[in-house]
Amino acid sequence: MVWIREWWNQPDQFDNITDFLHQRDLMRSARMIMAVVASASGSIPLTVLASERQYSVGAVLVGVLGVLFTAGMVLFWLTRWPTRRQSRAAVVGGAICVALWTVTQDSAAIATLGCTAMTVTGGYIAVFHSGRVMIANSALAMAITAVTTLELARNSGAAAAAAAFGLIFLLNLSAPLTIRALSRALVLYAQRSEEDPLTGLLNRRGFVDAVTRRASLAPSTHTHLTVFMLDLDHFKMVNDTYGHAVGDRTLLGVADVLKQRCPPEAVICRAGGEEFLVAMTGPAGAETVTATATELCAGISEVRRDVTASIGTARIALPELAGPDSARRIARLIEIADKAMYSAKHRGGNQVRHA
């Protein structure tokens, strides 16, 4: 039962999948795919409305509602990417439209076939949202399937109804679960591809993406982004004298210092070897930057007596990071902080230099 509880408590995947698509320039392709899916979904009630000669008022109203809803979703996907709340509202609205459409159909066969559309909402939920929402969608799918197949049994016999129920149950169970497993694997792969395997900190690639997001979400009182470049002094001597196992433990100790002494919202990265990067937003004054850098120097010197840190810092106003060039500007900021760090190292190390 442990794995069931873990699965039940798995967090929403919307932000992770959105970041994955955005970082790989797949956002536009994903929106086009979703627009095509929404368009195909809307064609079903439209086709039924056009082909049926006699239908109830309820079926017409729900059919028109379904067409309008899907048309709105097509327009939405063509113009923007939703927020998490909009995404959840859209998929819940889609599931309700499918449910209403199936139970208002005069033909039991068409109604039963309509239940298969719940795999579309189930698959979407499996990719972007939590297991709890996916279970709610599956429960709704089974409820409307039970209603429609009971009517199918009266018209076409128990065997046809049982076969239809079994097939729809299989689709609504297997498709979302398979998609969920694959999307989770994708998220974990993406996360691990951006992590340093030794320290668990971000690597250089993940750092720039995380800093871009952090800058866009900074509080209104924060006006600047500061990047710290840290390089450990005399670290090569530790490796050469005591071995790489001791060197690895030293790096882990430095990573712990950065996690403990940087603000909780700071973005921390092992840039490679004995180099680390830290980025944080803050107010215009430089006092906090100096205090933080000095605190990091002091903390790192406590990891090992023979290891200190040279730190260089660089700052940029947050409005300058708005727009498509933000990643390039952050990369340039890292270069400036790197030069300041080398200036600190050439002056003897264990000190801070501001660009």
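Tabulated results
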| read-out | value |
| --- | --- |
| Failed condition for SER87, given (1) in contact (Cβ under 8 Å) with a residue 60 or more places away in the chain; (2) not in a helix (DSSP H, G or I) | (2) |
| Selected residue [in contact with a Lys or Arg (Cβ under 7 Å, 6 or more places away or on another chain), acidic (Asp, Glu) and closer than 30 Å to ARG184 by Cβ] from ASP19, ASP12, ASP25 | ASP12 |
| Residue among LEU150, LEU140 that is part of a helix (DSSP H, G or I), free of Cβ contacts under 8 Å to residues at least 24 places away in the same chain and among the hydrophobic types (A, V, I, L, M, F, W, C) | LEU150 |
| Meets criteria (at pLDDT 90 or above and surrounded by 14 or more Cβ atoms within 10 Å (Cβ to Cβ)) for VAL37 | yes |
| Qualifying residue in the stretch 132-140 (condition: of a type in the set (D, E, K, R) and buried (at least 18 other Cβ atoms within 10 Å of the Cβ)) | no |
| Of all residues making up the stretch 143-169, the number that are surrounded by fewer than 19 Cβ atoms within 10 Å (Cβ to Cβ), within 22 Å of GLY58 (Cα to Cα) and not charged (D, E, K, R) | 5 |
| Wholly enclosed strands (runs of 3 or more DSSP E) of the stretch 241-353 bearing at least 3 residues of a type in the set (Gly, Ala, Ser) and surrounded by 14 or more Cβ atoms within 10 Å (Cβ to Cβ) | 308-317 |
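The values are calculated or read from the model by the stated rules, or taken from the named source; none is laboratory data. Computed from a predicted structure; not experimentally measured. Note that we place each Cβ from the backbone using ideal geometry, even for glycine, and neighbour counts take in every protein chain shown.
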